[in-house]
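Student: To start, I am sharing the structure in question, which I have written as structure tokens.
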Amino acid sequence: MTISRRSLMGLTAAAAASSLMPLTEALAKTPLADRRTVAEVLAMRPEDMALASPRIALCRRFLTQAAKELTDASLSRTILSIFENPAPKIAAQKDAPLLAKLKAENLIDAARTSVQPPAGNPKRSPQPFWTAPGSGWKSHHAYPGGLAVHCAVNVLSAQRLCDTYKEATGLVLDRNAAVGGELLHDLHKPWVFAWQKDHTCRKEETLAKTGEHHVLSIAESMKRGVPAKVCVAQACAHEVPGTPAGEALVAGWLRAAAVIAGKDPSEYGVAENGASLVRPIALEGFVVHLADHDFVAVGPSCQWTAAELRTIFREKYGVTAEKDLNALRNYVFANFTAMRLYGRYAVGGKKALEDCVDKLIKL
């Protein structure tokens, strides 16, 4: 599948206005950020690194266009508003009553003392959507702007899965739910994974037996009036209701999100028993789940490459402080991405990795 003419306009200055360049080709032609000295990189905030990366900018434009192409205009506006300002609307409420309700329904660890991460000013996000990491430190896309890359991969996967099922089986899926659910699935990672002073990100807590970003993101969608079908599809990102156990997890996430958003879970397809979904179960959530598997390869790639980068930073650039090693790692990842770097390393060894770093960092 190729991206439409509208999707490509502005994605890359190198693309001709009349071309239909696949996203992969556009990304391959994306230049790197400026080559900076070690001192210059260490003076940058994580947000600066993400915003300086042409690759992150391309993923940003792609995701924005994907949201605009949804046929549900209200859903499209909601997603675009989250991209513009992912400040958590659900944070503007007292935490203690939510904690008590979740504990009463056995949806949160009994030892927890709060439900939500620190929000500061709930009207202002801890960081822009486009500068957040894709996951927790040492996990997948754990670098400034990694969330944009992660979401771009997943949204493109969801789009192509919709096309594949239609072409191969004749199944016509609701793209507003399948692609929209994927666009929304990690909307609260800028809040949950706020950058710390040492250039790592906040450690995530567990909520309803999964990473808290998942349930908080579903709750935010509910709070913002996202259609129930899209919320259910979004809830399937971490598991599908294809077995009783999987269904119970999805139902639990919807129940927990409903508590946080102040909604009735029955409005979001949760059956009266609280452990299953109302039949028939839509298939769009299965597409969201399949598309959300970017982490499978990226997690190890990020971990393995980061370890090699630390050695290079010590040996070639004389950097030893943990905070500084983290900063250099983040700058390199924000431009090359962990998977691309690991691909170079797997083929060319340490020398190939050193050459990549040299394109971005100088003494």
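The values are calculated or read from the model by the stated rules, or taken from the named source; none is laboratory data. Computed from a predicted structure; not experimentally measured. Methodologically, a virtual Cβ is constructed for each residue, glycine included, from the backbone with ideal geometry; neighbour enumeration extends over all protein chains shown. Accessible surface areas use protein heavy atoms only, side chains included; no ligands, DNA or RNA. Shrake-Rupley method; radii C 1.70, N 1.55, O 1.52, S 1.80 Å.
Student: Give me the angle, in degrees from 0 to 90, between the Cα long axis of helix 146-169 and the longest principal axis of the Cα atoms of the chain, rounded to the nearest 10.
Tutor: 60 degrees
Student: Which aspartates and glutamates have a Cα lying under 15 Å from the Cα of residue 197, excluding residues fewer than 8 positions away in the same chain?
Tutor: Within the straight-line cut-off, residue 197 pairs with 47, 48, 322, 324.
Student: Eigenvalues of the Cα gyration tensor times 5, then square-rooted: what semi-axes does that give for region 140-219, in whole angstrom, largest first? Spell out each step's value before the answer.
Tutor: On the way: eigenvalues 177, 42, 15 Å².
Listed largest to smallest, the semi-axes of region 140-219 are 30, 15, 9 Å.
Student: While we're looking at this one, here's another question. Report the relative contact order of the chain, percent, no decimals, based on alpha-carbon pairs under 8 angstrom and at least 6 residues apart. If you can, show how the numbers build up before the last one.
Tutor: Values: 617 pairs, mean separation 73.1, N = 363.
Reported relative contact order: 20 percent.
Student: Further, regarding this structure: Which FRET efficiency value, to the nearest 0.05, do you get for residue 160 and residue 320 by plugging their Cβ-Cβ distance into 1/(1 + (r/R0)^6) with R0 = 51 Å? Intermediate values should be presented prior to the final figure.
Tutor: Details: r = 44 Å, r/R0 = 0.87.
Step by step, r from the Cβ atoms, then E = 0.70.
Student: Cross-link list 29/166; 103/123; 229/263; 68/94: which exceed 25 angstrom alpha carbon to alpha carbon? Before the final figure, lay out each step's value.
Tutor: Details: 29/166 31 Å; 103/123 27 Å; 229/263 15 Å; 68/94 34 Å.
Violating the 25 Å limit, Cα to Cα: 29/166; 103/123; 68/94.
Student: Next up: Give me the accessible area per residue for the chain, probe 1.4 Å, as a whole number in Å². Let's see the in-between values first.
Tutor: On the way: 15360 Å² over 363 residues.
Value returned for the chain: 42 Å² of accessible area per residue.
Student: Follow-up question, since we're still on this one. Add +1 for every Lys or Arg and -1 for every Asp or Glu among the other residues with Cβ under 15 Å from the Cβ of residue 277, and state the total.
Tutor: Details: positive: 229, 255, 279; negative: 239, 247, 264, 267, 272, 284.
With Lys, Arg at +1 and Asp, Glu at -1, the net is -3.
Student: Output the Cα-based Rg and Dmax of region 132-273 in Å, rounding Rg to one decimal and Dmax to a whole number.
Tutor: Rg, Dmax (Cα atoms, Å): 15.6, 51.
Student: Continuing with the same structure: For residue 106 and residue 68 in one chain, what is 0.36 nm times their gap in residues minus the Cα-Cα distance, to one decimal in nm?
Tutor: Working: separation 38, 0.36 × 38 = 13.68 nm, distance 3.87 nm.
Length gained between residue 106 and residue 68: 9.8 nm.
Student: Further, regarding this structure: When N is the residue count of the chain, what does its C-alpha Rg come to as a fraction of 2.2 N^0.38 Å?
Tutor: Normalised Cα radius of gyration, the chain: 1.00.
Student: Could you state, as a whole-number percent, how many of the C-alpha pairs of region 56-103 are farther apart than 17 Å? Walk me through the intermediate numbers first.
Tutor: Working: 593 of 1128 pairs.
In whole percent, the share of Cα-Cα pairs in region 56-103 beyond 17 Å is 53.
Student: Further question: Report the one residue of 211, 51, 269 whose Cα lies farthest in the direction of the positive end of the charge dipole of the chain (charges on C-beta: Lys and Arg +1, Asp and Glu -1; origin at the Cα centre).
Tutor: Among 211, 51, 269, the one farthest towards the positive end of the dipole of the chain is 51.
Student: What net charge is computed for the residues neighbouring residue 72, neighbours being all others with C-beta under 11 Å from the C-beta of residue 72, Lys and Arg scored +1, Asp and Glu -1? Intermediate results must be reported in sequence, preceding the final value.
Tutor: Numbers: positive: 77, 175, 229; negative: 69, 174.
Its environment carries a net charge of +1.
Student: Here is a further query. Of all the accessible heavy-atom surface of the chain, with the other protein chains kept in place and a 1.4 Å probe, what percent is carbon and sulfur? Don't skip to the end; give the middle numbers.
Tutor: Working: 8260 of 15360 Å².
C and S fraction of accessible area: 54 percent.
Student: Now, a different point. Would you work out the charge dipole size for region 303-363 about its Cα centre, treating the Cβ of every Lys and Arg as +1 and the Cβ of every Asp and Glu as -1, and quote it to the nearest 20 debye?
Tutor: Working: 11 positive and 7 negative charges, 16 e Å.
Here region 303-363 has a charge dipole of around 80 debye.
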